Amino acid sequence: MARAIQSVERAAALLRLLGGAGRPLALAELAAALDLPRPTAHGLLRTLREEGLVAQESSSGRYLLGEGLGRLGTPWDRHDLRARAMNWADALAAGTGCAVYLGVPSADGAGVDLVHHVFRPDDTPQRLRTNTTQPLHATAWGRCLLAFAPASVRAVEPLETYTRATVTDPAALTREITATRRRGWAADAGGWEPGAGGLAVPVRSGGGLTVAALGIGAPIEELFAADGRARPEVVVELVAAAAEIADGLEGLT
C-alpha cells in the first residue's frame, strides 16, 4: 500500500479540527491539538489561507474555516476569467493573426461555452461567438477540456457529425485525447466548420487545475503544415499567452 502524504494528512486534520471546534482557534491551540511544531502548523495554515480554505480573524489572529470550502465543486466565475484574459487574448490575436477563443465547460458538462472571442485582425466578415456553446469532440477547445478537465466534461455519444472531418468514432476520439495530453495542446482541422482549424491549450489556476481552454482559430492552412502538423510558432505563442493568463488567476475564486 502506498504511504500517505504527511502534509496532506496534517492539512486535512487542521480542517477537521477547525470545522468541529465551533469557535476560532489560536495557532498554539491548533499546534498542541495535533502535536505539531508551531512553525509547521503555521506553514500549513498559511497555505490553506492562501487557497481560501482557512480564514484568520484580523482582531485576534485566530483561525476558522474559509469561504473557499463552500465553493469547492462550483465553477469559476466566468466574468473574472474573461476580464483577466482579455488583454492577453487581444495580444494573441494581434500576434498570430488568428481569432482567439476562451472556453469553459458548459453547465451540463456536455459542451464548451465560449466566454470570450477576439476577431481575426484582418477585417474579414466574422460572427461573434461569445456566449455560444460548441461541441467538445469537434473543436480544439472542447478537446482541450476533455483532455485536461475530464472531471468537468464528458463527450455525449453518439458523437454528432458536423463536417466530413468530424471525429465520430469514440475510440478515435479517445486516441486523440490521449495524444492531446501527451503533447500538451489540442488540435482540430475542420471538424467543426469546413476549412477552419483550431489549436487550444489549458489555462490552469494555482495548483494546476484546468479552468478554461484558450484557443486560436484560422483557416487550416494557416495553422497546419502540409503534412498535418501544427505550425510550431503559433503553438509557442498560444502556450505563452495561456501561461500569462494563468499567472493572473492567482487568488481568483
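Worth pointing out:
- Of all residue pairs spaced 6 or more apart or on separate chains, those with beta-carbon atoms under 7 Å, a first member in the stretch 127-138 that is more than 12 Å from LEU114 (Cα to Cα) and a second member that is part of a loop (DSSP other than H, G, I, E, B) are HIS137/ALA155; HIS137/LEU159; HIS137/VAL167; ALA138/TYR162; ALA138/THR166; ALA138/GLY191; ALA138/TRP192.
- Those residues of the stretch 191-216 which are hydrophobic (A, V, I, L, M, F, W, C) and either in a strand (DSSP E or B) or farther than 18 Å from ARG181 by Cα (or both), in sequence order: TRP192, ALA196, LEU199, ALA200, VAL201, VAL203, VAL211, ALA212, ALA213, LEU214, ILE216
- Applying the condition of being open to solvent by less than 10 Å² (accessible area, probe 1.4 Å) and either of a type in the set (Lys, Arg) or closer than 30 Å to GLU51 by Cβ (or both) to the stretch 212-237 and asking which residue is nearest to the chain's Cα centre (by Cα) yields ALA212.
Matching residues to (1) in contact with a helix residue (DSSP H, G or I) (Cβ under 7 Å, 6 or more places away or on another chain); (2) more than 28 Å from ILE245 (Cβ to Cβ):
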position	(1), (2)
LEU114	no, no
HIS117	no, no
ALA138	no, no
ALA147	yes, no
ARG154	no, no
PRO158	no, yes
THR161	no, yes
ALA165	no, yes
ALA172	no, yes
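- In the stretch 41-59, the residues that are open to solvent by 80 Å² or more (accessible area, probe 1.4 Å) reach residues that are at pLDDT below 90 and part of a helix (DSSP H, G or I) with C-beta atoms within less than 9 angstrom, at least six apart or across chains, in these pairs: GLU50/GLY206; GLU51/GLY68; GLU51/GLY206; GLU51/GLY207.
- Scanning the stretch 17-31 for residues that are outside any loop (DSSP other than H, G, I, E, B) and either among the aliphatic types (A, V, I, L, M) or surrounded by 11 or more Cβ atoms within 10 Å (Cβ to Cβ) (or both) yields LEU17, LEU18, GLY19, ALA21, LEU25, LEU27, ALA28, GLU29, LEU30, ALA31.
- Checked across the stretch 179-186, the condition of being assigned to a strand (DSSP E or B) and either open to solvent by less than 10 Å² (accessible area, probe 1.4 Å) or closer than 20 Å to SER106 by Cα (or both) holds for at least one residue.
- Matching residues, the stretch 151-173, being β-branched (Val, Ile, Thr), surrounded by fewer than 17 Cβ atoms within 10 Å (Cβ to Cβ) and either modelled with pLDDT under 95 or within 20 Å of the chain's Cα centre (by Cα) (or both): VAL156
- Sole exception among (1) out of contact with any Ser or Thr (no Cβ under 6 Å at 6 or more places or on another chain); (2) of a type in the set (S, T, N, Q); (3) modelled with pLDDT of 95 or more for THR133, by number: (1)
The values are calculated or read from the model by the stated rules, or taken from the named source; none is laboratory data. Just so it is clear, the structure is predicted and the values come from calculations on it, not from any experiment. Virtual Cβ from ideal backbone geometry, glycine too; neighbours counted across all protein chains shown. The area values use the complete protein model at the heavy-atom level, side chains included, leaving out ligands, DNA and RNA. Shrake-Rupley method; radii C 1.70, N 1.55, O 1.52, S 1.80 Å.
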